[in-house]
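Data block below; observations after.
Please treat every number below as a calculation from the coordinates, not as lab data. As the structure is a prediction and not an experimental result, all values here were calculated from the model. As a convention, Cβ positions derive from the backbone with ideal geometry for all residues, glycine included, and neighbour counts pool all protein chains shown.
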Amino acid sequence: MSIATRTGDDGTTGLMFGHRVPKTDGRIEAYGAIDELSAAIGLARSHREDRWIAEEMLRVQRELVVVMGELAVLPTDREKYAGKGFKFVDEAMVNRLDGVILVLEARGLKTNGWNIPGATPMSAGLHLARTVCRRAEREVLRLGDEVREANPCVIRYLNRLSDVLWLCARVVEDLSGQVPQLV
C-alpha cells in the first residue's frame, strides 16, 4: 500500500472516522502546528546537550501524539474515539508538566530580560519549539468554544508546555556556559 493515496488531490484531508475537511480547516491548522512542534522538539532533542531534558522532550513528543489525535476528532465522535481506546489530554498530563517546571526552576535560573536564542544548538531548537508551541496554542484557541469546552486541558497543556520549553532552553544555555544575549 502506497503512502500516496491521492485522496488529498482535491484539497481535502481526513479526520478520524472518515470525515473529510478542507486542508485549510482550523483543525488541520491546529494539529499541523502540533506536528510541527513535535518536529522542532525532535530537532532540539537530537543535540542531546542535556540527557534529562532530551528524555523529557521524548515524553512530550509522545504526549503530542495524544493532542494531535484529539484534535483530529470531531466532538460528535469523541465517545467513539474513547471507545477505540484512544486517550485524551488529561489533568495528569498537565500536572506532569507542572512537575517538570518545578524541577527546572529548582536549578536556580537567573534571568534579567529577553534573551536571543542561539547560544547552543539544543537551546536554539527548544526556543524554536517554544514559539511553535505558542502558535499551536493560538490555532487551538481559534477553534472556538466547541473544542475548549470539550477539553480545557488541551489549552492548559500547551500553555504549560511553552513554559517548559522556555525553561529547558534556559537550562541548556546555563549548562553550556554560554551567556545568553539579553536585550
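Of note:
- Cβ charges +1 (Lys, Arg) and -1 (Asp, Glu), total dipole of the range 22-182, debye: 200
- Here the contact order of the range 15-75, divided by its residue count and restricted to Cα pairs under 8 Å and six or more residues apart, works out to 51 percent.
- FRET E, pair Q178, E91, Förster distance 45 Å, beta-carbon r, rounded to 0.05: 0.80
- Neighbour-count ranking [beta-carbon atoms within 10 angstrom, fewest first] of E29, E173, E105, E149: E149, E105, E29, E173
- From largest to smallest, the equivalent ellipsoid semi-axes obtained for the chain from the alpha-carbon gyration tensor read 32, 18, 15 Å.
- Shown for I101, I116, I41: other C-beta atoms within 10 Å of each C-beta, ranked fewest to most, produce the order I116, I101, I41.
- C-alpha long axis of helix 91-105 to longest principal axis of the chain, angle in °: 10
- Computed helical MRE - 222 nm, the chain, DSSP H runs ≥ 4 contributing -39500 (n - 2.57), nearest 500: -20500 deg cm²/dmol
- Taking F17, F88 and counting other C-beta atoms within 10 Å, the order from fewest to most: F17, F88
- Rounded to the nearest 10 degrees, the angle from helix 51-71 to the longest Cα principal axis of the chain is 20 degrees.
- GNM remark for the chain: springs join alpha carbons under 10 Å apart, and the peak mean-square fluctuation among L143, L102, L64 falls on L102.
- Rounded to 10°, Cα long-axis angle of helix 26-45 versus longest principal axis of the chain: 40
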